[in-house]
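Participant: This is the structure, below, for whatever I ask next.
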Amino acid sequence: MLYKRFNDTYMLRIDKGEEVMRFLQAFCEQENITLAQVSAIGAADSAAIGVYDLETGKYHREDLPFFMEIASLSGSVTEMNGKPYIHLHTVLADQQNRTHAGHLIEMAVGATCEMFVRVLPGEVSRKKDEAVGLNLWTF
Amino acid sequence: MLYKRFNDTYMLRIDKGEEVMRFLQAFCEQENITLAQVSAIGAADSAAIGVYDLETGKYHREDLPFFMEIASLSGSVTEMNGKPYIHLHTVLADQQNRTHAGHLIEMAVGATCEMFVRVLPGEVSRKKDEAVGLNLWTF
Amino acid sequence: MLYKRFNDTYMLRIDKGEEVMRFLQAFCEQENITLAQVSAIGAADSAAIGVYDLETGKYHREDLPFFMEIASLSGSVTEMNGKPYIHLHTVLADQQNRTHAGHLIEMAVGATCEMFVRVLPGEVSRKKDEAVGLNLWTF
């Protein structure tokens with residue numbers, strides 16, 4: 001892993017071929033990060049994103065099996081069941097000038113992904129909320 | 001309100017049904033926040049966004065009365081006329097895989113909204129600029 | 001230049017007519033900023049964005065010669081060849097409710113651009129990677 005810490009902030013370079021969700025999960029476990037704010041840009045070889053459906057409690061999944069710019073990638077690291085819990089949303093742009101956005105399910109890095117992980121001192125865990133069907137922040 | 005402060009940063013969970021602009025305004029008044037950087041993701045039940053028109057000095061308003069992912073929501077809290085002034089832009093994704101973006105006029109939270117409010121020590125106020133018709137940062 | 005520093009963070013107001021990439025480059029040189037995280041919103045009179053093509057090593061350029069909201073603008077300041085190196089991605093929205101996103105090549109500010117530049121203590125340089133054809137972070 002290629003990264004460096006500056007005060008409260010890690011800068012991570014995620015290379016072509018890595019899967020972002022798995023990579024960040026492993027990174028947080030290795031560095032014992034339990035709480036952080038995440039922001040990144042880069043490029044993807046492919047991604048799967050989703051838009052939630054409150055009625056079914058599932059995501060409308062959209063598979064995007066082509067090269068895209070990661071125009072925005074942001075979210076958080078919190079904690080659930082004793083493990084880092086990654087939650088990111090993204091905006092992507094493909095080579096036909098179309099934009100795609102939503103909840104990040106998975107993404108393979110296409111050229112590089114330049115990520116800031118700003119660590120916060122503490123812990124926020126998540127708990128399944130039955131009304132909305134999602135794991136919400138608990139304080 | 002569900003939130004917790006970690007050093008300079010508040011993490012806020014805004015629940016289904018809350019209107020984001022009003023909620024954040026009330027939160028900043030309650031916590032005496034005069035200056036902050038804001039970033040969030042989440043889901044919306046509906047939103048109204050706009051794109052400014054320099055000629056008319058008004059926003060082209062787009063009403064989006066359906067469920068969407070909040071792929072990006074960012075901006076600032078500054079101060080005007082002695083009150084917190086919220087300015088946010090957003091990128092949204094609906095269940096037909098369309099993206100919508102612009103200046104946030106209003107937004108009802110759809111499932112949850114996970115927001116970081118990083119407080120800065122000081123004050124920046126706004127003043128109406130007659131040339132562009134908007135309230136600009138003054139230092 | 002209109003800006004003010006609060007601890008590690010500069011708030012910059014970039015006015016109508018300024019070109020964002022050149023402006024931020026000059027600002028970083030003037031303030032001796034070698035490493036920073038950047039986030040902004042605002043409006044643009046025009047912009048050129050791109051989506052990279054790994055096969056040709058070039059960007060598919062899209063010229064957008066009209067007024068747009070800057071819904072998201074984020075990235076970093078690092079260093080290359082002894083100079084600040086600006087890398088930003090953006091999401092834009094035009095007055096026909098279309099969204100545009102990608103790597104920022106250039107952008108003229110349309111009404112105002114409100115930017116946060118959070119300085120990190122240290123240096124990260126870039127080096128051309130022959131496999132992907134881009135200047136990647138080196139640690």
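The values are calculated or read from the model by the stated rules, or taken from the named source; none is laboratory data. Because the structure is predicted, anything quoted here is derived from the model rather than measured. Cβ placement follows ideal geometry from the backbone for every residue including glycine, while neighbour counts extend to all protein chains displayed.
Participant: In the stretch B:89-99, what count of residues is obtained for those that are surrounded by fewer than 24 Cβ atoms within 10 Å (Cβ to Cβ) and either assigned to a strand (DSSP E or B) or of a type in the set (V, I, T) (or both)?
Facilitator: Summing the residues that are surrounded by fewer than 24 Cβ atoms within 10 Å (Cβ to Cβ) and either assigned to a strand (DSSP E or B) or of a type in the set (V, I, T) (or both) in the stretch B:89-99 gives 1.
Participant: For the stretch B:117-139, how many residues meet the condition of being touching a residue at least 60 places away in the same chain (Cβ under 8 Å) and more than 10 Å from every other protein chain (Cβ to nearest Cβ)?
Facilitator: Of the residues in the stretch B:117-139, 1 are touching a residue at least 60 places away in the same chain (Cβ under 8 Å) and more than 10 Å from every other protein chain (Cβ to nearest Cβ).
Participant: Also: Out of the residues in the stretch B:78-88 that are in a strand (DSSP E or B) and farther than 18 Å from A:S74 by Cα, state the one that is nearest to the other protein chains (Cβ to nearest Cβ).
Facilitator: B:H87
Participant: Another question, if that's okay. Does C:E106 count as part of a strand (DSSP E or B), acidic (D, E) and modelled with pLDDT of 95 or more?
Facilitator: Here the answer is yes, as C:E106 does meet what is asked.
Participant: Given B:L24, B:L54, which one is modelled with pLDDT under 95 and under 29 Å from C:V117 (Cα atoms)?
Facilitator: Among B:L24, B:L54, only B:L54 is modelled with pLDDT under 95 and under 29 Å from C:V117 (Cα atoms).
Participant: So in the stretch B:1-16, with the set limited to residues that are facing chain A (nearest Cβ under 9 Å) and not in a strand (DSSP E or B), which one is nearest to B:V119 (Cα to Cα)?
Facilitator: B:N7
Participant: Follow-up. For the stretch A:85-93, check the following and say yes or no: at least one residue is over 22 Å from C:V124 (Cβ atoms) and touching a Lys or Arg at 6+ places or on another chain (Cβ under 6 Å).
Facilitator: yes
Participant: Quick one: which of C:G133, C:G102, C:G75, C:G110 is small (G, A, S) and surrounded by fewer than 17 Cβ atoms within 10 Å (Cβ to Cβ)?
Facilitator: Checking each option against the conditions leaves just C:G133.
Participant: Let me ask something else about it. Please work out if A:E106 is among the acidic types (D, E), within 18 Å of the chain's Cα centre (by Cα) and closer than 14 Å to A:M21 by Cα.
Facilitator: So A:E106 passes the test.
Participant: Return yes or no: is C:F67 touching a Gly at 6+ places or on another chain (Cβ under 9 Å), on the phi < 0 side of the Ramachandran plot and at the interface with another protein chain (Cβ under 9 Å from one of its Cβ atoms)?
Facilitator: It is true that C:F67 is touching a Gly at 6+ places or on another chain (Cβ under 9 Å), on the phi < 0 side of the Ramachandran plot and at the interface with another protein chain (Cβ under 9 Å from one of its Cβ atoms).
Participant: Which ones in the stretch B:26-76 are out of contact with any strand residue (DSSP E or B) (no Cβ under 8 Å at 6 or more places or on another chain) and among the β-branched types (V, I, T)?
Facilitator: B:T56
Participant: Within the set of pairs 6 or more residues apart or between chains, which connect a residue that is within 13 Å of chain A (Cβ to nearest Cβ) and of a type in the set (S, T, N, Q) inside the stretch C:89-116 to a residue that is in a strand (DSSP E or B) and surrounded by fewer than 22 Cβ atoms within 10 Å (Cβ to Cβ) with Cβ atoms less than 6 Å apart?
Facilitator: Cβ pairs passing all conditions: C:N97/B:E62.
Participant: Tally the residues that are of a type in the set (V, I, T) and either under 27 Å from C:H87 (Cα atoms) or under 13 Å from the mean Cα position of the chain (by Cα) (or both), restricting the search to the stretch A:47-75.
Facilitator: Residues meeting the conditions: 2.
Participant: Please state which of the following conditions B:G75 fails to meet, knowing it meets all the rest: (1) on the phi > 0 side of the Ramachandran plot; (2) assigned to a loop (DSSP other than H, G, I, E, B).
Facilitator: (2)
Participant: Looking only at residues in the stretch B:27-53 that are in a loop (DSSP other than H, G, I, E, B) and touching a residue at least 24 places away in the same chain (Cβ under 8 Å), which one is farthest from the other protein chains (Cβ to nearest Cβ)?
Facilitator: Ranking the qualifying residues of the stretch B:27-53, first place goes to B:I33.
Participant: Within the stretch C:113-127, identify whether any single residue is under 23 Å from A:A93 (Cβ atoms) and of a type in the set (V, I, T), and answer yes or no.
Facilitator: no
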